Amino acid sequence: MRKNKSIICKALTYLFILTFGVIMNNSKVDAAMDNNSVTSITESSASISGQFDTQYPGTYVTISLYGAFADGSTQKNIGQKFHSSYGQNWRVDVDGLKKNTTYTIYVTEYEDGTKARTPIIRKFATPEITNGPSIKLNWSNVGLTGDYSFELVRSNYTGSDTLYTGKGTSFTDTNPLYKNGYNYYFVIAKTSKGTSLMYSMAGYAGTDAVSNLREEEQETKLN
């Protein structure tokens, strides 16, 4: 069931991006790492992106992530991304995160093997969803600078509706669209540097929510 939830959530995320056009618009990597550079954050994964600062052949960035991970580690070296003749954008996806946890990203750019700029440091935090007849959603403003606002959208394959707009970081859906099933939510961050899909969340509604999740946990342990 968790795999199905993840697959459906990803599919709805792509559909949401195509429908609303909330793909981030970065300038330089230093500006990009201030706002709108960490997108599609879930309780366990995130997408990190930016731009190279130079056009020099052989330019690359190294990306490291620090925080508490699901496997008990506190650091992940996501790897290197080399400059491409097809463009200056880079992107990496990371999983194995823990809910309601803050992470720090270090991005260092190298030009022909020599450090080209001061490392970029960026923070973000994962959300937390409380399941039940009412679904409570908690996200974060960690990592955002300057003026910003959020828009919380509930979406499915047939349409969407806005549940909240403002600077708050929590909302309780007391009337979920699906009374006994998964409901999908997206938090759009609007900043001076653009608009992006910051959080993707799935919450399970219904009176069987607690027992259902316990069964999932038991299945995970058995597997």
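The values are calculated or read from the model by the stated rules, or taken from the named source; none is laboratory data. Just so it is clear, the structure is predicted and the values come from calculations on it, not from any experiment. So basically every Cβ, Gly included, is an ideal-geometry build from the backbone, and we count neighbours across all protein chains shown.
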Task: Qualifying positions in the range 57-90 - surrounded by 13 or more Cβ atoms within 10 Å (Cβ to Cβ) and under 15 Å from residue 122 (Cα atoms) - done: 61, 62, 63, 64, 65, 66, 67, 76, 78
TODO: Could you grab me the full set of residues in the range 120-144 that are surrounded by fewer than 17 Cβ atoms within 10 Å (Cβ to Cβ) and either assigned to a strand (DSSP E or B) or outside the structural domain of residue 204 (by TED's automatic domain parsing) (or both)?
DONE: 121, 123, 130, 136
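Rundown of residues vs (1) modelled with pLDDT of 90 or more; (2) outside the structural domain of residue 95 (by TED's automatic domain parsing); (3) part of a loop (DSSP other than H, G, I, E, B), yes/no style:
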position: 152; (1), (2), (3): yes, yes, no
position: 165; (1), (2), (3): yes, yes, no
position: 180; (1), (2), (3): no, yes, yes
position: 196; (1), (2), (3): no, yes, no
position: 199; (1), (2), (3): yes, yes, no
position: 202; (1), (2), (3): yes, yes, no
position: 207; (1), (2), (3): no, yes, yes
position: 213; (1), (2), (3): no, yes, no
position: 217; (1), (2), (3): no, yes, no
Task: So residue 109, is it touching a residue at least 12 places away in the same chain (Cβ under 8 Å), touching a helix residue (DSSP H, G or I) at 6+ places or on another chain (Cβ under 9 Å) and buried (at least 16 other Cβ atoms within 10 Å of the Cβ) - done: yes
Open item on the list: Taking the condition of being touching an Asp or Glu at 6+ places or on another chain (Cβ under 8 Å) and crowded, with 19+ Cβ neighbours inside 10 Å, how many residues in the range 145-154 meet it?
Closed with: 2
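For (1) at pLDDT 95 or above; (2) under 19 Å from residue 185 (Cβ atoms), each residue gets a yes or a no:
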residue: 50; (1), (2): no, no
residue: 62; (1), (2): no, no
residue: 73; (1), (2): yes, no
residue: 96; (1), (2): yes, no
residue: 99; (1), (2): yes, yes
residue: 124; (1), (2): no, yes
- [ ] Can you tell me which residue within the range 130-176, out of those that are over 18 Å from the mean Cα position of the chain (by Cα) and of a type in the set (Phe, Trp, Tyr), is nearest to residue 37 (Cα to Cα)?
- [x] 164
- [ ] Find all pairs meeting these conditions: Cβ atoms under 6 angstrom apart; at least six residues apart or on different chains; first residue within the range 127-146 and free of Cβ contacts under 8 Å to residues at least 40 places away in the same chain and closer than 16 Å to residue 186 by Cβ; second residue surrounded by fewer than 19 Cβ atoms within 10 Å (Cβ to Cβ) and among the acidic types (Asp, Glu).
- [x] 138/128
